[in-house]
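Worksheet for the structure shown next.
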Amino acid sequence: MTLVHVAGVGKMGLPMAGHFHAAGHAVTVRDPRETRLQLARSQGLQVADDASAAMARADIIVSSLPNDAALREVAAQVAGAARRGAIYIDTSTVSQQASADVAQMLAAAGVAYLRTTLSGNNKMAEAAQLTVMASGPRAAYDSVLPLLKTLGPHQFYLGAAEQARLMKLVVNLMIAQTSAMLAEALTLGRKGGLAWGDMWQVLGASAVASPIVKAKSAQLSQRDFTPTFTVEQMVKDLTLILGAGADSHVPLPQTALTFQLMQAALAQGDGQDDYAAIIKTVERSAGLPAD
């Protein structure tokens, strides 16, 4: 039986831990928030009393973390506690530089490090419909592939280093730009007198009906901005994306404008709404009521 320890049971980490448990693995979890640990217990997961001790016993350690600082902190704990030969899978959206620094730390500790980023939101995580993008040691990837397959139907191995980190930024760049495209198009239509619901019906049946547009249509056609991924989170990811562009000398002018729209949404009090709330930002700029 594989022993898996999950560090971070937020909206993504908790359903992942549940899928590992349902697949027959022995799973322990830790999180700094007691509310998340209570929720994990209610779902039949074992909460570890001591994270370092749980890491020392684990064959595989999985983390789902909010930022670079959290990754560095947890990775240092993994390096200090995990046995040589263990595998560390991090699923967070973080910078390539932080990830590369962690790789050096874990190599010195004899821990195989897989950068395993995910495409999909918390609802897709719950439904085991995530797309997995992995990079790191190929042998480690092959050994944990059955575990990764519990998360969704598609897994991609992209290389030996930080390729998965960059691929996640590429995907999220396009997601952010889709929201900006919708914001401008829907505002143009609404200002010209088109009915909100009619626009969504036509978009859903048109050539632009991408999977993400279809996925958003059910909520947004009702002007429901309940978040699957917040404006605040998208600002963080766009900061990483623009940083990656600067590091590689790639101009990203459209992404920079979308970043400014997200900043405006933050300033207007929509930071905890779904990132599609930049629709409201553009509406306001056109003199339309947004609420």
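Summary table below
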| quantity | calculated |
| --- | --- |
| Tally of residues being touching a Pro at 6+ places or on another chain (Cβ under 8 Å), farther than 18 Å from residue 58 by Cβ and modelled with pLDDT of 95 or more across the stretch 93-127 | 2 |
| Residues within the stretch 8-51 that are in a strand (DSSP E or B) and more than 21 Å from residue 124 (Cβ to Cβ), tallied | 5 |
| Tally of residues being under 20 Å from residue 53 (Cα atoms) and of a type outside the set (Phe, Trp, Tyr) across the stretch 15-35 | 12 |
| Residue within the stretch 72-84 that is touching a helix residue (DSSP H, G or I) at 6+ places or on another chain (Cβ under 7 Å), over 20 Å from residue 17 (Cβ atoms) and either hydroxyl-bearing (Ser, Thr, Tyr) or not assigned by TED's automatic domain parsing to the domain that holds residue 132 (or both) present | no |
| Residue identified as touching a Lys or Arg at 6+ places or on another chain (Cβ under 6 Å) and under 20 Å from residue 2 (Cβ atoms) among 81, 51, 56, 86 | 51 |
| So residue 167, is it within 30 Å of residue 21 (Cα to Cα), buried (at least 16 other Cβ atoms within 10 Å of the Cβ) and not β-branched (Val, Ile, Thr) | yes |
| All positions within the stretch 24-38 that are surrounded by 15 or more Cβ atoms within 10 Å (Cβ to Cβ) and not polar (S, T, N, Q) | 25, 26, 27, 29, 30, 31, 36, 37 |
| The stretch 227-274 - residue that is acidic (Asp, Glu) and closer than 16 Å to residue 167 by Cα and, of those, surrounded by the most Cβ atoms within 10 Å (Cβ to Cβ) | 237 |
| Qualifying residue in the stretch 268-277 (condition: free of Cβ contacts under 8 Å to residues at least 40 places away in the same chain, more than 20 Å from residue 11 (Cα to Cα) and in the same structural domain as residue 173 (by TED's automatic domain parsing)) | yes |
| Hits in the stretch 68-125 (condition: among the basic types (Lys, Arg) and surrounded by fewer than 18 Cβ atoms within 10 Å (Cβ to Cβ)) | 72, 83, 84, 123 |
| Pair list, Cβ under 7 Å, 6 or more apart: the stretch 94-107 residue farther than 17 Å from residue 137 by Cβ, other residue surrounded by fewer than 16 Cβ atoms within 10 Å (Cβ to Cβ) and among the hydroxyl-bearing types (Ser, Thr, Tyr) | none |
| Unique residue being touching a Ser or Thr at 6+ places or on another chain (Cβ under 9 Å) and of a type outside the set (A, V, I, L, M) when the list is 46, 97, 38 | 46 |
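The values are calculated or read from the model by the stated rules, or taken from the named source; none is laboratory data. Only a predicted model underlies this, so the values are computations on that prediction, with no experimental measurement involved. Don't worry about glycine lacking a Cβ; one is built from the backbone with ideal geometry, like all the others, and counts go over all protein chains shown.
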